[in-house]
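Scroll down for the structure; my scribbles are underneath it.
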Amino acid sequence: MPESQIDLIPAEEKLQRSKDKAKKAGVVVTLIMFLLVLAGSVGISFYLRSIDGELAVANQNVEDKKKRIGDRAEIEIRARNLDSKYNYLTDIFKNRLYYSILLSELSKRVPSNAHISTIDSSEPETLNLSGDSTDYVALAKLLNALASSEYASPSATANPQQNLFSSVTINTVTLDPNDSRAKFNLVITVDTERLKK
């Protein structure tokens, strides 16, 4: 006959032992879980710290680049100003009028018995000449010389036979009774395209 085992441990003791084993297993499982959570927390903390460090380095790089860009903004502004000045000067030199051509033409055309005392060029296309001549005949010679195209400047850009002076108008003429000199004021229209080189 098989031997039967006799269990001499009371049921309450067995129940207490199984409860103790369950408590120990629970404590071990809780301790293992705690250690796992602690290790995960420490890992996450280090990871977040490394990300914060990388972010700080990236922000510093961004700030450095912003500063470099800010330093170059002044250079860009100066370059734009220089470009606008260059364009402005180019336009001036391209479209400027050479009044030396005008004065050269006038000096060629004024007869010896006429004298020009003032030249007013308040508008680019209009000249006001004031002066005097020995008589009306000298004034007529001056008017004919100004209206003639034979004195045209060879440095003119347009047709060299075209006159620099488009029209000559007598504004006033008075004869001085003391010395018989004719005082005049002329308005001359100038072809400004012929004053450009």
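Quick check on residue 145: is it part of a helix (DSSP H, G or I), modelled with pLDDT under 90, farther than 20 Å from residue 196 by Cα and under 50 Å from the mean Cα position of the chain (by Cα)? So residue 145 passes the test. Look at residue 132 and say whether it is more than 13 Å from residue 184 (Cα to Cα), at pLDDT 90 or above and part of a strand (DSSP E or B). Criteria not met by residue 132. For segment 93-101, the condition holds for at least one residue, the condition being that it is within 17 Å of residue 193 (Cα to Cα), under 37 Å from the mean Cα position of the chain (by Cα), hydrophobic (A, V, I, L, M, F, W, C) and not in a helix (DSSP H, G or I). Residues of segment 103-119 include none that is surrounded by 10 or more Cβ atoms within 10 Å (Cβ to Cβ), in contact with a Phe, Trp or Tyr (Cβ under 8 Å, 6 or more places away or on another chain) and more than 20 Å from residue 141 (Cβ to Cβ).
Taken over segment 29-68, the residue count meeting the criterion of being over 51 Å from the mean Cα position of the chain (by Cα) and of a type in the set (Gly, Ala, Ser) is 5. Filter segment 169-184 down to residues that are in a loop (DSSP other than H, G, I, E, B) and among the charged types (D, E, K, R) and give me whichever is nearest to residue 117 (Cα to Cα). By that ranking, first place goes to 181.
The values are calculated or read from the model by the stated rules, or taken from the named source; none is laboratory data. These numbers come from a predicted model, not from an experiment. In this analysis, Cβ positions are derived from the backbone assuming ideal geometry, glycine residues included, and neighbour counts consider all displayed protein chains.
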